[in-house]
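Heads up: the structure comes next, in structure tokens.
The values are calculated or read from the model by the stated rules, or taken from the named source; none is laboratory data. Predicted, not measured: the structure shown is a model, and the values here were computed from it. Here the Cβ positions follow ideal geometry from the backbone for every residue, glycine too, while neighbour counts run over all protein chains shown. For the accessible areas, the whole protein counts, side chains as well, though only heavy atoms, and no ligand, DNA or RNA atoms are used. Shrake-Rupley method; radii C 1.70, N 1.55, O 1.52, S 1.80 Å.
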Amino acid sequence: MPERELPIHHRATDPGGRVWSFGSVTWVHCPECDHAAKSTGSSVSCAHCGYATIPSLKPYSDKWAYPTSSNPRCGHCGNPLDRRDRPTARHKDGKLFVSIRCDHCDETEDYPASPGSDPAASRPYRLLRRYLETQVGGETLWVNNLVHLEALEDWLGAKVRERGPQPGLTMMAKLPRWMKASTNRAKVLRGLAQLRERAERAGIDE
């Protein structure tokens, strides 16, 4: 097979967004046959062997919640409260609250809350190995899907990279230095080309 031409070009603009903004699936190793399986975050399915999980219709337990405030404090003594999920949620007048006992004054109070989840019920398939990854100079290069792959090819193949309209730490801004270094451009692009070829062999189409 002839070597794929590296997609080196002159200029690219940061498209913005975090890593989860690029595509809606993650390709993982099927736990049954080790071929490429599609993970949507709520289920995993493999077209090769037929393995499939049942999507959760109720991803959050009614009893689990955490304080909505980013800096919750006790309503009695003013000391900070931690934001961990607790199985003490309740609804009042159509709003969700979570009951928290302060570790400092031992007073219990209800605080505005957001739906949480039981830590013991985390889905095991979240730990499945990512399918599209390879080694580049001792570092792991990975992508979740083809949209993610194309975005990295476009950004890392550019000799001039410009900030986009979205401020803050976008996916491109958070890429590790070794990946963005001009001295590694050819090696990283060859690694991405290998991932594209692997995706094609596996029948990955998104």
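Among the residues examined, residue 94 does not qualify as at positive phi, of a type in the set (Gly, Ala, Ser) and either surrounded by 15 or more Cβ atoms within 10 Å (Cβ to Cβ) or modelled with pLDDT of 90 or more (or both). Applying the criterion of being touching a Phe, Trp or Tyr at 6+ places or on another chain (Cβ under 8 Å) and open to solvent by less than 50 Å² (accessible area, probe 1.4 Å) to the residues of region 56-75, the residue that is modelled with the lowest pLDDT is 65.
In the set (1) touching a residue at least 12 places away in the same chain (Cβ under 8 Å); (2) surrounded by fewer than 18 Cβ atoms within 10 Å (Cβ to Cβ), residue 192 fails one condition alone, (2). Among the strands (runs of 3 or more DSSP E) confined to region 112-206, the ones with at least 1 residues that are at pLDDT 95 or above are located at 133-136, 139-142. A residue that is farther than 30 Å from residue 47 by Cα, under 17 Å from the mean Cα position of the chain (by Cα), open to solvent by 30 Å² or more (accessible area, probe 1.4 Å) and touching a residue at least 24 places away in the same chain (Cβ under 8 Å) occurs somewhere in region 176-186. For the condition of a type outside the set (A, V, I, L, M, F, W, C) and surrounded by 18 or more Cβ atoms within 10 Å (Cβ to Cβ), residue 133 does not qualify. Under 7 Å by Cβ, and 6 or more places apart or on different chains, what pairs join a residue from region 68-95 that is under 15 Å from residue 114 (Cβ atoms) and without any contact (Cβ under 8 Å) to a residue 60 or more places away in the chain with one that is open to solvent by 50 Å² or more (accessible area, probe 1.4 Å) and among the charged types (D, E, K, R)? Final answer for the pair search is 72/83; 81/73; 87/63; 89/62; 89/63.
When residue 38 is tested against (1) modelled with pLDDT under 90; (2) of a type in the set (D, E, K, R); (3) under 16 Å from residue 145 (Cβ atoms), just one condition goes unmet, and that condition is (1).
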